[in-house]
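All remarks here apply to the structure that follows.
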Amino acid sequence: MRIAVFDDNVADRRHAERLLKRESDRLHALGEEGHLIDCFGSTDKLVSAAESYDVFLIDHREGNEDSLGIVQRLRKLGIPQPMIICVPDETGSSQSKEKNLFRISKPYTRESLIPMVSECAHCVVKRGPRVELRNDIETIYTPVEDIVYVTSKELGFLTVGLKGREPFRMMGDTASFYRQVTGIKTDPALIPISPKSFINARYLKKAGTFTVEMTDQTRLRTSPAFWCNIREVRRLRSVSRKQDQ
């Protein structure tokens, strides 16, 4: 299990790392999988590497952003993994109301930290291939199947429609991005409908000759050269309806 330790107190960060490494050595001695621990002192470095980790230990008290603020940033990136945040000593439950958010108080001890990390291990979310979407403001990661559509409304820029999110605007071209996405995961539901657009047939609402309408009400133009793909879209819809019956 890969664990990211982010604590703006250097001594506490090193202490947490020592406790986790000792537990990892103990697990290895028992023939079990141990832990890989990486420590961070910079919020930006943590966020940029967050996709790689299974569990997070976070204590941040400097500047305008606290530990919960960092958790919210990571959640916005699409990181669903369990996170442990440090809070003042309290007698309440260690698990927060928010899913996969746990609370611990300092000083870190083996008796408090290790059982909580073990509990987090049961909450690690197994994820399939994900696509990185990046612009000047933010970076997010999304499962391939959550892409609703991709279209280029202006030269050099893409609009990516996403399930349960606002459309994401980024630099790029449709053909290159299609190759990137299908290179991560081959998905027959991802179908080009014009030189500027491709769609995920799972989210298709209506398929006409000249336009398609997605479940989020977005309408996209099709091109004659891609009408064979539209026929494939209709076939997939027909198969899906029969399976639902």
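Quick note: the coordinates plus some simple rules give every number you see, no bench work behind them. Just so we're clear, the structure is a prediction, and the values are computed from it rather than from any experiment. Neighbour counts are summed over all protein chains in view; Cβ atoms, including those assigned to glycine, are modelled from backbone coordinates with ideal geometry.
Structure notes:
- With the simple spin-label model, which puts each label point 7 Å out from Cα in the Cβ direction, the Leu30 to Leu68 separation comes to 3.5 nm.
- Residue-by-residue Karplus 3J(HN,Hα) for region 71-84, coefficients 6.51, -1.76, 1.60, Hz, glycine and proline x: 4, 5, 5, 5, 5, 5, 6, x, 8, x, 5, x, 10, 10
- Positive minus negative residues near Asn135 (Lys, Arg vs Asp, Glu; Cβ under 13 Å): -2
- Set of lysines near Lys76 by C-alpha distance (under 22 Å), chain-local residues within fewer than 8 positions excluded: Lys45, Lys97, Lys99, Lys126, Lys163
- Rg and Dmax of region 130-244, based on Cα coordinates, read 13.5, 44 Å.
- Inter-label distance for Ala175 and Ala121, nm, one decimal - labels placed 7 Å from Cα along Cα-to-Cβ: 5.0 nm
- Full-extension gain in nm, Arg165 to Arg61, via 0.36 nm per residue minus C-alpha separation: 34.5 nm
- Of Phe210, Leu74, Ala175, farthest towards positive along the dipole that unit charges on Lys, Arg, Asp, Glu beta carbons give the chain: Phe210
- When region 5-134 is described by a simple charge dipole with +1 on each Lys and Arg Cβ and -1 on each Asp and Glu Cβ, the residue from Ile104, Gly128, Phe56 located farthest towards its positive end is Gly128.
- Net lengthening on full extension, Lys21/Leu155 (0.36 nm per residue, minus Cα-Cα): 43.2 nm
- Test item: Cα-centred dipole of region 28-156, Lys/Arg +1 and Asp/Glu -1 on Cβ, debye: 220 debye
- Taking the number of Cβ atoms within 10 Å of each Cβ as an exposure proxy, the fewest-first ranking of Asp54, Asp173, Asp59 is Asp173, Asp54, Asp59.
- Rounded to the nearest 20, the size of the Cβ-charge dipole of region 130-244 about its Cα centre is 580 debye, with Lys and Arg at +1 and Asp and Glu at -1.
- Residues Tyr178, Tyr53 arranged by fewest to most Cβ contacts within 10 Å: Tyr178, Tyr53
- The chain, helix-only ellipticity at 222 nm - DSSP H runs n ≥ 4, -39,500 (n - 2.57), divided by all residues, nearest 500: -10000 deg cm²/dmol
- DSSP bridge analysis restricted to the chain gives an antiparallel fraction near 60%, rounded to the nearest 5.
- Note on the chain: Rg/Rh from C-alpha atoms, Kirkwood Rh, equals 1.09.
- Nearest-20 debye value, the chain charge dipole, Cβ charges on Lys, Arg, Asp, Glu: 1520 debye
- Rounded, prolate or oblate (a/c below 1.5 giving rounded, otherwise prolate when a/b exceeds b/c) for region 137-183 by Cα gyration tensor: oblate
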